[in-house]
Each structure stands twice: as structure tokens, then as C-alpha cells.
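J.: After the C-alpha cells below, expect a handful of questions from me.
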Amino acid sequence: DPFLITVPFKVYDMEPEGGGDPVQISIILYDRIQAFGTDGYDGSYDGDGDGTTEYHAFNPYDRMYTEFVLRPYEETLTDFASNEDYLTWNAVWWSTNWTNGDSLQFQYANPIQMGSDKFSWSTVKSSTASSEDLTNVSVYPNPYYGFHELETSRSDKYVSFNNLPPKATISIYTLGGTFVRKIEKDDAGQFAQWDLTNQYEYPVASGLYIVHVESGGNEKIMKLALVQETQVLKYY
């Protein structure tokens, strides 16, 4: 858990937004070797092996991970979660035996300025066939093995038909030709879902199904394999 600790140095934002004098900011420390209450914080610690006990809050003998917090320093700040919006660069320190008066300045080649920098990008629209083209229509997942990663619960089972034209009719049959379900699509999207139930809203059995997709004068036939989860009746 995060906690406040005094360190023997200070960190400054040398070019604060809006100009003016340097502003002291906070720093977040991660010690990969020690935890609070162990040697190096409040006990003896001979880090360099010279027989001398050192006391410190910043381990100079191994890696220390730090993040600069681009907000004015507050000695009693305990709202640690609010720091996340102000985190900047992560620096790793190794074998850094500083002495009083040492100073180190970081100059970023391309500093990120909150509220000033904007990132933009553009995309090129892919070429599309006619509005009734079914060439790229597919179903996912196929085969369906009891569930897939996009389902939110066991009651939210479905397969998704992709790359559909705005208007399409999807008819589903068993391998023996028995009608199972019809799905009418009439929207601008490219997707349609089948919740794996028949026309009476009962779950269908595991097996191989024939999917007939029709749009305008075009049609496409696909096979869909389903493996349902084992279902146990609560009452019988």
C-alpha cells in the first residue's frame, strides 16, 4: 500500500506550464529489494559492504523505480489515486550514490504538455463491393465450443455473422434440412447475432447446421458446427 516518506532530495519542474519559477513536484518510488520496516529504512544496512551502517529511504545500491508526478508538491498529500492523472516519465536508478549538493537535470526531447498536445490520425476507407455482396460473410466462432470470450454470461450465448450487407436474411437449418431459425437484418451495421435458439426460443442441440444467407439476388451457404455445454435439468 502507498505511504508518505521523506527522501533526502527534491524534484522540480523546471519549465512549469504558464512559465515562472521552477515548481517542486512529487516523486513515486518503487524499491524492488526492500519493503518498509526492513533493513535500509529503519534498521542497519551495509549496502556497499564496507562495514558501515547506512540509513536511507532511497536504495542507492540496486534498482529504484521512480515516476515524476507533474503537480505541485504537497507534503501531506494522501490522495494517492489522484496522482495517476499526473504521472510522467518512469526513471530507473542503479548504483547512484549521491552526495549533498549533487544535481541532475532531465531534458526531454519531446515533452508532453497536458492540455496542449493533441494526437490525431486518419484512416483510409477500404474499398467495398455492392450493398448486396456476400463474398466475405462469415460466422464467428465456428466451430462453437460451449462458449467464447465475448460472451458475458452463460445465458448470453451467441454466434456472430460478420461482413453482412445492410439488408440480409439468414436462415438456419439442421443437416437434415429441418428449419431452425430465421434472422432478418435491416440496419447499417455489418453484424447479426444468433442466440443459438430455434424459432420457439428453445436452445438448439449440438450438431452441424446449414446457414443460408440471402441479400437481393445473391446468396451464400455456410456450415456451422455447435457443441453446446452439458445441460442438466433442475426439475424432472
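Rule-based calculations on the coordinates, nothing more; no lab input. Nothing here was measured: the structure is a model prediction, and the numbers come from that model.
J.: Could you work out the relative contact order of the range 161-236, using alpha carbon pairs under 8 angstrom and six or more residues apart, expressed as a whole percent? Intermediate results must be reported in sequence, preceding the final value.
T.: Working: 126 pairs, mean separation 21.9, N = 76.
Dividing the mean separation by the residue count of the range 161-236 yields 29 percent.
J.: Also, quick follow-up: What pairs in Lys157/Lys182; Lys125/Lys182; Lys125/Lys157 have C-alpha atoms more than 24 Å from each other? Walk me through the numbers before you get to the answer.
T.: Details: Lys157/Lys182 17 Å; Lys125/Lys182 32 Å; Lys125/Lys157 32 Å.
Result: Lys125/Lys182; Lys125/Lys157 exceed 24 Å.
J.: Over the Cα atoms, compute the radius of gyration (one decimal) and Dmax (the largest Cα-Cα distance, rounded to a whole number) for the range 90-200, in Å.
T.: Here Rg and the maximum Cα pair distance are 27.1, 86 Å.
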